[in-house]
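Each value in this text was obtained by applying a stated rule to the coordinates, not by laboratory testing. Keep in mind it's a predicted model, so treat the numbers as computed, not measured. Here Cβ is always computed from backbone atoms with ideal geometry, including for glycine, and neighbour counts include all displayed protein chains.
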Amino acid sequence: MKTMGSRIVQHCLLPIGITCLILGVSPISIQAEWMLSLYGGIAHTLDSDVRLKEPGDTRLTFRDVAWDDESFQEPQYFGFRLTYWLSRQSPWGLAVDFTHAKMIAELDEDASVSGRRGGELVSTREALGDSFAKLEFSHGHNLLTANVLYRWLAHNRPSWFGRLQPYAGLGAGVAIPHVEVITASSVTGDYQFAGPAVQGLAGLHIDLIKHLSVFAEFRLSYAHLDVDLQGDGSLETDTWTYHFNIGLSLST
């Protein structure tokens, strides 16, 4: 049985392998430029509706659930990206990106609740903690995406200005959250492939020395989370998250 780690490695290698086959290049092509980027920062998920299904005819919708990110608490927000630029002079690149963010529901906040609980109709406002002892993706709200990037290269610009390299990109992939949900009837704590994810990003690289640069970046991501709960239940939500990142890049 494949482990979650091996599945993540396979998902990372597949887009790179397909890219190499399409372009007819090898991973060690001297014409290409490889870049490894490591980053940290902060990510905040906007309020979202949470849909809970459990045995016993429970079908509830919790509206505008508030999420905390705790980006600077363990485990901290981080990410890495491996980029393949088609050549050193090409503005186009392809990248595999992994982001580890967190989503932690604020259980003491009130939420509008509607649906059925144990077959009884519900339409009220109550603390989220009345239905959940735990509702979070704190190990984390992980996104694995394949991305197309475009960079603006320096042409006939002063040397100091030539160190600046703006870039932008779009990506699509999968959400792999660590589901930590406790209700009155179930306890769930595992990694799951939860649904599709997409993102857009824009940033600025600043060359420090040869092969080393720093960057600042903004991105907006969307993920549809549809996860299984122990005991034949499920939980579903659509998340929009904005990220502010800073990091280091090493290039060939």
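In order along the range 60-67, phi translates into HN-Hα couplings of 10, 10, 9, 8, 6, 5, 8, 10 Hz, rounded to whole numbers, per the Karplus curve 6.51 cos²θ - 1.76 cosθ + 1.60 with θ = phi - 60° and x for Gly and Pro.
For mean projected area of the Cα convex hull in nm², the listed values are (i) 21.9; (ii) 11.3; (iii) 15.3; which was obtained by calculation from the structure presented? Here mean projected area of the Cα convex hull in nm² agrees with entry (iii). When each of the peptides 60-72, 171-183 is scored by how many other beta carbons lie within 10 Å of its residues on average, the order from highest to lowest is 171-183, 60-72. Gain on full extension, evaluated as 0.36 nm per residue between D207 and F72 minus their Cα-Cα distance, stands at 45.9 nm.
Each peptide among 194-201, 44-51 gets the average number of other Cβ atoms lying within 10 Å of its residues, and from highest to lowest they stand as 194-201, 44-51.
Relative contact order of the chain, please, whole-number percent, based on alpha carbon pairs below 8 angstrom and at least 6 residues apart.
Computed value for the chain: 20 percent relative contact order.
For the chain, adding -39500 (n - 2.57) for each run of n ≥ 4 DSSP H residues and dividing by the number of residues yields -3000 deg cm²/dmol at 222 nm. 3J(HN,Hα) along the range 95-108, derived from phi through the Karplus expression 6.51 cos²θ - 1.76 cosθ + 1.60 where θ = phi - 60°, amounts to 9, 9, 10, 10, 10, 10, 10, 9, 9, 10, 5, 8, 5, 7 Hz, with x in place of Gly and Pro.
Taking a straight Cα-Cα cut-off under 18 Å and skipping sequence neighbours fewer than 8 places away in the same chain, the aspartates and glutamates within cross-link reach of K210 are E33.
Computed over the Cα atoms of the range 130-252, what is the convex hull's projected area averaged over all directions, in nm²?
9.1 nm²
Between A133 and L46, residue separation times 0.36 nm minus the direct Cα-Cα distance comes to 29.2 nm.
Highest average first, the peptides 225-234, 75-84 ordered by how many other beta carbon atoms sit within 10 Å of their residues are 75-84, 225-234.
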